[in-house]
1. With respect to the numbered conditions (1) assigned to a helix (DSSP H, G or I); (2) in contact with a helix residue (DSSP H, G or I) (Cβ under 9 Å, 6 or more places away or on another chain), which one is the sole condition not fulfilled by Ile42?
2. For the stretch 16-46, name all the residues that are surrounded by 13 or more Cβ atoms within 10 Å (Cβ to Cβ) and charged (D, E, K, R).
3. Going through the stretch 1-33 one residue at a time, which ones are in a strand (DSSP E or B) and aliphatic (A, V, I, L, M)?
4. So is Lys2 basic (Lys, Arg), surrounded by fewer than 17 Cβ atoms within 10 Å (Cβ to Cβ) and touching a strand residue (DSSP E or B) at 6+ places or on another chain (Cβ under 9 Å) or not?
5. Picking from Val13, Val8, which residue would you name as being surrounded by fewer than 16 Cβ atoms within 10 Å (Cβ to Cβ), touching a strand residue (DSSP E or B) at 6+ places or on another chain (Cβ under 8 Å) and modelled with pLDDT under 95?
6. Please give the number of the condition Asp52 fails out of (1) under 12 Å from the mean Cα position of the chain (by Cα); (2) modelled with pLDDT under 90.
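The values are calculated or read from the model by the stated rules, or taken from the named source; none is laboratory data. Computed from a predicted model, the values in this text were never measured in an experiment. With ideal geometry, Cβ positions are generated from the backbone for all residues, glycine too; neighbour counts draw on all protein chains shown.
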Amino acid sequence: MKAYVYNVETMEVIVIVSGESNEECEARINEMGYMGMDEYGITYTPAFDSVDGLIETKHTESVDA
């Protein structure tokens, strides 16, 4: 599974976290400091496809949980 952390204003994907479960991905996202921050949203595969306007850029980071 993959979790996508994105900036809610620009809709740019900041980081993609790959893991076995939502909980595992969320633990890694928390370690990275993105959980609980109003400026960031999180979505998961396949929900990523249903969030209009998300943009992966050359700055999007990919990490394992």
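1. Ile42 satisfies all of (1) assigned to a helix (DSSP H, G or I); (2) in contact with a helix residue (DSSP H, G or I) (Cβ under 9 Å, 6 or more places away or on another chain) except (1).
2. The answer is Glu24, Glu26, Arg28.
3. Correct list: Ala3, Val5, Val13, Ile14, Val15, Ile16, Val17.
4. yes
5. Sole residue among the options that is surrounded by fewer than 16 Cβ atoms within 10 Å (Cβ to Cβ), touching a strand residue (DSSP E or B) at 6+ places or on another chain (Cβ under 8 Å) and modelled with pLDDT under 95: Val8.
6. (1)
Let's see how each residue does on (1) closer than 16 Å to Glu61 by Cα; (2) touching a residue at least 12 places away in the same chain (Cβ under 8 Å):
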residue	(1), (2)
Tyr6	yes, yes
Met11	yes, yes
Ile16	yes, yes
Ser21	no, yes
Cys25	yes, yes
Asn30	yes, no
Gly33	yes, no
Asp38	no, yes
Ile42	yes, yes
